[in-house]
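Working notes for the structure below.
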Amino acid sequence: MGWLLMIIKALGVIMAVVGVLFSAIPEKLIKFIPLFKVTKRIRIVGIVRLGIAVIFLLAASGSRWPIVIAVLGIITLISGVLALTLKVKHIKTFIDWIEARNEMFVRIMGGVVVLIGLLIIFAA
């Protein structure tokens, strides 16, 4: 159980770092978003999310805040299932919408990602 919690904390650190980067330099990182418009990458992201969801759900009972980790696991599971079942056209439309947002929106979303990453670290 301990190693699963370490993986979860590592994921929280990665999220926090990515969030800081998106808040600090959104104009550079927004250029990477189109990489996720490729069908194969969308499906890979879905599979990775399913794996992360399983880790969260398995480790929830041994965490500091099990309900928080379980809820995040369920949200991640739902997002993974959606990434695998939604039509690629709809996912690409959503990615286009994100790309069209201004830098302030990206900075705010980066801040939200930082907060979620810190919550994961603390809750695990």
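In table form, for the structure just shown:
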| read-out | value |
| --- | --- |
| DSSP H segments from the chain that extend 24 Å or more along their own axis, Cα-based, with Kyte-Doolittle mean of 1.0 or above | 2-24, 39-59, 66-85, 103-123 |
| Only Lys, Arg (+1) and Asp, Glu (-1) charged, at Cβ; the chain dipole about Cα centre in debye | 380 |
| Sequence-separation-based contact order of the chain, relative, with Cα cut under 8 Å and 6+ spacing, percent | 49 |
| Count of lysine pairs in region 19-114 with Cα separation under 14 Å (8 or more residues apart, or interchain) | 6 |
| Extension gain from residue 82 to residue 3, taking 0.36 nm per residue of separation minus the Cα-Cα distance | 25.7 nm |
| Gyration tensor (alpha-carbon) shape descriptor, region 65-124, a/c threshold 1.5 | oblate |
| By average C-beta atoms within 10 angstrom, highest first, the peptides 16-24, 68-76 | 68-76, 16-24 |
| Normalised alpha carbon radius of gyration of region 2-123 [divisor 2.2 N^0.38 Å] | 1.10 |
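All of the numbers you see were taken from the coordinates with simple rules; none came from a lab. It should be emphasised that the depicted structure is a prediction, and the values quoted were computed from it without experimental measurement. Please note: Cβ atoms are built from the backbone with ideal geometry, for glycine as well, and neighbour counts cover all protein chains shown.
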